[in-house]
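Report on the structure given below.
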Amino acid sequence: MSEENMMTENETQEPSVHPMDSWLRQDRLPHIWCSGCGIGPAFSTTISAMKESGYTQEQFAIVSGIGCSSRAAGYLKIDSFHTTHGRAIPYATGLKLAKPDMKVFLFAGDGDLFSIGGNHFIHAARKNMDLTVICINNFIYGMTGGQFSPGTPLGAISSTSPYGNEDSPFNFPHLADAAGAVYVARWTTAHVRQLKKSLVRAFQKKGFSFIEIISPCPTVYGRRNKFPLGIQMMKNLHETSIINHNAKGSELDIQIGKPIVIGNFIDRERETFLERQAAFQERVNKWLKEKKGETGD
Amino acid sequence: MVDVVNKKDVSVRFMSGDKACAEGALMAGCNFFAGYPITPATEVAEHMSQRLPATGGIYIQMEDEIASMAAILGASWGGAKSMTATSGPGFSLMMENLGLGIVTETPCVIVDVQRGGPSTGLPTLVSQSDMMQAKWGSHGDYEVIALAPQSPQECFDLTVKAFEYSEQYRLPVFVMMDEVVGHMTEKVEIPSPDSVKPYPRRYTKLPPGEYMPYRPQEDLVPEIVSAGQGYAVHVTGLTHNEKGYPEISAKAQENMVQRLTDKIKKNVKKIVLLEEENLEDAEIVVVSYGISARTAQYPIEKAREEGMKVGFVRLLTVWPFPEEYIDNLAKRIKAFVVPEINLGQIGREVERCAHGQAKVLGITHPGGGLHFPEKVLETIRSAAQ
């Protein structure tokens with residue numbers, strides 16, 4: 001079909017409706033993400049998973065922190081909370097406890113969740129707080145122009161590690177496992193089908209679920225580290241990643257030049273915060289019945 | 001006495017200021033408390049951990065005060081009436097998320113039981129040195145409401161009032177207690193629950209699509225919604241427009257910041273609670289708040305016995321500061337005397353508002369103890385000369 005024909009055909013059609021239109025704040029588009037950025041596919045896969053999760057649009061709430069990934073909250077047409085840097089988890093905790101019937105999830109970056117927000121992450125996982133945490137790991141602080149983060153591999157070049165990053169990165173799935181998350185997975189933006197299934201499972205899972213999404217940032221990470229185009233890094237992730245659902249947490253370190261191990265690593269049962277809260281409330285009510293008339297002072 | 005809370009069918013109790021504060025919160029409808037242990041505010045959390053589950057509310061202990069402040073804002077977005085309680089070091093940590101509470105106009109209450117600072121300071125001893133931090137602690141321009149009780153009874157009353165203000169003006173409100181008031185145990189009259197109606201949240205009646213989260217009403221305060229009501233609202237700490245969408249421009253900044261400050265500044269007369277004594281013939285006026293106002297009572301009486309014309313203004317509301325009121329008073333008196341347990345925080349405010357029309361003598365104390373009556377009396381005497 002020639003270009004001219006295409007245009008004519010489009011002009012005679014009704015304006016196209018994208019299947020995700022009703023989930024997006026159209027009046028907030030275009031988004032801020034660069035071309036080649038992995039947040040776009042991660043974001044649209046998240047919406048697909050939300051649609052398949054069984055929850056309605058009104059039941060979802062997104063809470064995010066600060067950074068490129070955290071801007072997702074502004075584009076989703078649901079109750080959305082774009083909070084302070086690293087603090088999305090305690091905000092989400094308060095919201096979830098006030099609205100236990102809502103599906104509260106986070107969408108934030110590696111620096112936000114694991115540097116400034118690291119303490120909140122481990123404690124929410126320890127409590128098995130009923131939250132789903134989606135972490136876009138693009139190995140870098142993107143919004144501020146490419147400084148190394150707790151996700152940056154050893155030796156990688158960034159604007160504040162011009163001679164190569166000297167700090168070892170966190171192994172996020174291993175950390176989530178050790179802290180007590182009941183669902184832990186890692187995928188890349190080159191594995192959107194597997195990622196979607198994993199996200200649906202995480203949304204349906206009670207308790208603290210965690211999904212890391214390895215995502216290219218050509219603008220400030222890739223161009224300094226041999227992947228100047230997003231598509232190059234996507235291709236590399238697609239070709240070199242190894243799917244191993246049974247991998248141990250300690251085998252999930254990310255190192256330059258070595259394949260990234262991905263998969264659904266943990267799926268277990270542990271009493272969640274809300275379940276414990278219900279049992280706790282029963283105990284309190286029983287106590288109140290027995291001690292009727294005696295007010296605690 | 002200022003009638004802060006309508007007291008019908010009271011039951012008389014003997015309790016500490018910290019406990020009275022917790023009871024006041026419950027009376028005001030508080031159903032969510034997030035906190036972190038810290039002296040001398042711990043008893044507020046302890047009492048809440050016992051009473052909230054028994055009244056159908058939620059008590060959660062967070063990993064730090066940063067998280068506590070975040071959690072009460074999150075809970076408020078979910079429709080809860082929420083509170084946290086802390087002291088200096090924790091108050092410092094809360095300043096970050098306080099800013100988000102201000103800019104997203106989220107109702108909640110923050111109790112600061114003040115102890116000596118800076119840093120770890122005097123964990124078990126009194127001060128009033130967080131007064132300026134309450135006003136200026138988070139970055140950017142904004143106005144706050146801060147109340148200062150002088151007794152366990154007022155810890156109860158002013159906590160009820162703080163919840164009311166937080167809903168009425170849509171912002172985090174401070175109850176600025178101190179170690180002495182928090183740990184002092186005395187008579188507290190608790191009214192029957194039906195005589196204190198929790199101030200209702202100002203929910204909108206507009207349908208989704210028409211509702212604008214930051215479109216002000218006549219009093220400059222916008223109506224509110226909660227998560228889960230189907231409004232799909234966006235809440236952000238970025239400078240935003242009436243729709244709640246980020247707008248990074250000088251114009252949007254002016255609209256937002258100006259209204260945030262105006263909604264308090266233009267309602268100062270409604271917000272300020274103060275008590276006056278013997279102002280008619282006063283040449284010297286003692287201005288104080290919290291525990292320092294209480295310890296100033298005796299020397300004021302002594303000074304009047306000595307024939308000095310001393311009046312008294314006790315600020316129950318410290319922020320917003322009653323600028324016009326102090327200015328008017330300054331026009332007709334000789335001097336202000338301002339005792340407080342810090343090195344002159346509110347004294348400087350009085351000086352600013354007096355515009356040089358009257359002398360201002362501060363009575364300062366770096367913290368760790370109360371003012372001795374002799375020191376206050378001496379200062380009143382030297383003001384009279």
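The values are calculated or read from the model by the stated rules, or taken from the named source; none is laboratory data. Fair warning: this is a prediction, and the values are worked out from it, not measured in the lab. Glycine gets a Cβ as well: all are built from the backbone with ideal geometry, and neighbour counts include every protein chain shown. Side chains are part of the model used for accessible areas, which takes the heavy atoms of the whole protein and leaves out ligands, DNA and RNA. Shrake-Rupley method; radii C 1.70, N 1.55, O 1.52, S 1.80 Å.
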Can you list the strands (runs of 3 or more DSSP E) found entirely within region B:267-385 that contain at least 3 residues being open to solvent by 60 Å² or more (accessible area, probe 1.4 Å) and free of Cβ contacts under 8 Å to residues at least 40 places away in the same chain?
none
Quick one: which of A:I62, A:I66, A:I89, A:I136 is touching a strand residue (DSSP E or B) at 6+ places or on another chain (Cβ under 9 Å), open to solvent by 10 Å² or more (accessible area, probe 1.4 Å) and either within 25 Å of B:T239 (Cβ to Cβ) or free of Cβ contacts under 8 Å to residues at least 12 places away in the same chain (or both)?
A:I66
Are any residues in region B:38-96 in contact with a His (Cβ under 8 Å, 6 or more places away or on another chain), within 11 Å of chain A (Cβ to nearest Cβ) and not in a helix (DSSP H, G or I), and if so, which ones?
B:M62, B:E63
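Being of a type in the set (D, E, K, R) and open to solvent by less than 80 Å² (accessible area, probe 1.4 Å) is the filter here; which residues of region A:269-290 pass it?
Kept after step one, since they are of a type in the set (D, E, K, R), are these residues of region A:269-290: A:269-271, A:275-276, A:282-283, A:286, A:289-290.
Listed by number, the list holds a single entry, A:E275.
Given the condition open to solvent by 80 Å² or more (accessible area, probe 1.4 Å) and within 16 Å of A:T189 (Cα to Cα), answer yes or no: does some residue in region A:219-231 qualify? Before the answer, list the steps.
Taking region A:219-231 as the starting set, the residues that turn out to be open to solvent by 80 Å² or more (accessible area, probe 1.4 Å) are A:223, A:226, A:229, A:231.
Adding the requirement that they be within 16 Å of A:T189 (Cα to Cα) leaves A:229, A:231.
There is at least one residue in region A:219-231 that is open to solvent by 80 Å² or more (accessible area, probe 1.4 Å) and within 16 Å of A:T189 (Cα to Cα).
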Is it the case that A:F148 is open to solvent by 10 Å² or more (accessible area, probe 1.4 Å), of a type in the set (A, V, I, L, M, F, W, C), free of Cβ contacts under 8 Å to residues at least 24 places away in the same chain and more than 23 Å from A:M50 (Cβ to Cβ)?
yes
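Here are A:N264, A:N236: which of them is over 30 Å from A:K96 (Cα atoms) and buried (at least 17 other Cβ atoms within 10 Å of the Cβ)? It would help to see each step written out before you state the result.
Values: A:N264 fails: over 30 Å from A:K96 (Cα atoms).
Of the residues listed, the single one that is over 30 Å from A:K96 (Cα atoms) and buried (at least 17 other Cβ atoms within 10 Å of the Cβ) is A:N236.
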Number of positions in region B:241-265 that are over 29 Å from B:E323 (Cβ atoms) and in contact with a strand residue (DSSP E or B) (Cβ under 7 Å, 6 or more places away or on another chain):
4
Return the total of residues in region B:97-145 being charged (D, E, K, R) and in a loop (DSSP other than H, G, I, E, B).
4
Requiring at least 2 residues that are surrounded by fewer than 20 Cβ atoms within 10 Å (Cβ to Cβ), touching a residue at least 40 places away in the same chain (Cβ under 8 Å) and of a type outside the set (S, T, N, Q), the strands (runs of 3 or more DSSP E) wholly within region B:162-246 are B:185-190
Evaluation of A:D167 against (1) in contact (Cβ under 8 Å) with a residue 24 or more places away in the chain; (2) open to solvent by 10 Å² or more (accessible area, probe 1.4 Å) (one fails), failing number:
(1)
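Identify, please: which residue in region B:22-36 is touching a Gly at 6+ places or on another chain (Cβ under 9 Å) and open to solvent by 10 Å² or more (accessible area, probe 1.4 Å) and is, among those, nearest to the other protein chains (Cβ to nearest Cβ)? Full working, then the answer.
Keep residues of region B:22-36 that are touching a Gly at 6+ places or on another chain (Cβ under 9 Å), which gives B:26, B:30-36.
Keeping just the survivors that are open to solvent by 10 Å² or more (accessible area, probe 1.4 Å) gives B:26, B:31, B:36.
Numbers: B:L26: 11, B:N31: 8, B:Y36: 11 Å.
Per the stated criteria, the residue is B:N31.
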Out of all the residues in region A:219-251, which are under 16 Å from A:N137 (Cα atoms) and not in a helix (DSSP H, G or I)?
A:T219, A:V220, A:Y221, A:N225, A:F227, A:S241
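A quick yes/no check of all residues on (1) outside the structural domain of B:P123 (by TED's automatic domain parsing); (2) closer than 19 Å to B:N97 by Cβ; (3) touching a Cys at 6+ places or on another chain (Cβ under 8 Å):
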| residue | (1), (2), (3) |
| --- | --- |
| B:Y169 | no, yes, no |
| B:V175 | no, yes, yes |
| B:T185 | no, no, no |
| B:Y203 | yes, no, no |
| B:M212 | yes, no, no |
| B:P216 | yes, no, no |
| B:I224 | yes, yes, no |
| B:T236 | yes, yes, no |
| B:P246 | yes, yes, no |
If A:D253 satisfies every condition in (1) of a type in the set (D, E); (2) surrounded by fewer than 16 Cβ atoms within 10 Å (Cβ to Cβ); (3) in contact with a helix residue (DSSP H, G or I) (Cβ under 9 Å, 6 or more places away or on another chain) but one, which is the exception?
(2)
Filter result for the condition that a residue is in a strand (DSSP E or B) and not aliphatic (A, V, I, L, M), over A:G263, A:G207
A:G263
Is it the case, given these coordinates, that B:T159 is among the hydroxyl-bearing types (S, T, Y) and crowded, with 24+ Cβ neighbours inside 10 Å?
yes
Surrounded by fewer than 24 Cβ atoms within 10 Å (Cβ to Cβ) and within 18 Å of B:A293 (Cβ to Cβ), is that true of B:Q153?
yes
Enumerate the pairs (first residue in region B:42-53 and open to solvent by 10 Å² or more (accessible area, probe 1.4 Å); second residue anywhere and modelled with pLDDT under 95 and not in a helix (DSSP H, G or I)) with beta-carbon separation below 9 Å, excluding pairs fewer than 6 apart on the same chain, so at least 6 apart or on different chains.
B:Q50/A:G296; B:Q50/A:D297; B:R51/A:T295; B:R51/A:G296
Scan region B:61-88 for residues that are surrounded by fewer than 24 Cβ atoms within 10 Å (Cβ to Cβ) and of a type in the set (G, A, S) and report the count.
2
Within the bounds of region B:118-133, is there any residue that is within 26 Å of A:A278 (Cβ to Cβ) and open to solvent by less than 10 Å² (accessible area, probe 1.4 Å)?
no
